Ligand code: PMV
């Protein structure tokens, strides 16, 4: 009763922020993302009658009590559904720093869902895996799929899942991630979602998002980079306006975040196709096309405060693999 899965992070062009139902992680709005080829999590899960407790290790360490409780709650959902009340050993490895706004919960819960479902011998379709992954972490619902992915909000559990708009080969958008901090963020996104509706700007954001979802889906289908990038950049500013005007206020940016944002606009004025998007953290994702990647990577390396640049391209969805971690 052992399964191992690999899943990747994703970057949202239209972002999920705020829940209709916190327990079910039913979002207030739909979202659209690109699954990345790097930023991977590999997770092995083994259920065994010999275990008295769940044993969990992430990146070689026991997770914090809160992180552990979230993983155990997810295992509980899956073993209840499978009708197999056995404890599990879980070993998970990320090839990137966790808790810095690089979507480790997306790749983490997508890999955990697939590995645990395989270990429990559940035969689930991708749609069901996407629904279940959502209960662990909202953005994980999208990481089940590769390429360009839309999560339709849905008003109830069975209706809130992601599906693929286009496969990774459809279009080579590059995400140059400017890492300006590798410290754990102060407020996790699951807490941030609960504050969203305290912002007086939230209803304006929701009506904008509805229009932007159509624009971004269309831009992906016809490969219109300027349309995709300009909507994504305004969309991330709308998200951060909500965060900043929530009560209490969330401010994820650092001076280096703003320096990178300003440079992106300078580079665009100089004729490069590049736009920024930022999740719940200080790191900046630069969306661009293959001809600009080399020069953007070099230029980013010279911006004060940029510690590392990780270049990602569209990647595959979650998959089972043969090599177990233990
Ligand atoms: O899945 P969560 O709860 O970590 O929330 C993700 C929030 C954002 O990354 C800011 C937006 C998104 O859609 O990925």
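Nothing in this text is a laboratory measurement; each read-out follows from the coordinates by a stated rule. As the structure is a prediction and not an experimental result, all values here were calculated from the model. Here the Cβ positions follow ideal geometry from the backbone for every residue, glycine too, while neighbour counts run over all protein chains shown.
A few points about this structure:
- Burial ranking of peptide ranges 170-182, 217-229 (average Cβ count within 10 Å, highest at the top): 170-182, 217-229
- Cα long-axis angle, helix 126-136 against the chain (0 to 90 degrees, to the nearest 10): 90 degrees
- Using alpha-carbon coordinates, inclination of helix 104-119 to the longest axis of the chain, degrees: 30 degrees
- Between the stretch 290-321 and the stretch 38-87, the alpha-carbon center distance in angstrom: 31 Å
- The alpha carbon gyration tensor of the chain gives principal lengths a ≥ b ≥ c with a/c of 1.5 or higher and a/b greater than b/c, which makes the shape prolate.
- Ordering 6, 149 by the number of other Cβ atoms within 10 Å of each residue's own Cβ, fewest first, gives 6, 149.
- Extension gain (nm, one decimal) between residue 194 and residue 66, 0.36 nm per residue minus Cα-Cα: 44.4 nm
- Under 19 Å from a label point set 7 Å out along the Cα-to-Cβ vector of residue 302, the amide N atoms of the stretch 251-267 belong to 256-267.
- Gyration tensor verdict on the stretch 106-208 (Cα atoms; rounded if a/c is under 1.5, prolate if a/b is larger than b/c, oblate otherwise): rounded
- Mean residue ellipticity at 222 nm, helices only, the chain: -12500 deg cm²/dmol; runs of at least 4 DSSP H residues each add -39,500 (n - 2.57), and the sum is divided by the number of residues.
- Shape of the stretch 210-326, Cα gyration tensor, a/c cut at 1.5: rounded
- What the Cβ-Cβ distance of residue 221 and residue 53 gives, at R0 = 35 Å and to the nearest 0.05, is a FRET efficiency of 0.15.
- Average Cα contact separation per residue, the chain, under 8 Å, 6 or more apart, as relative contact order %: 26 percent
- 0 to 90° range, to nearest 10: angle between helix 255-269 axis and the chain longest Cα axis: 50 degrees
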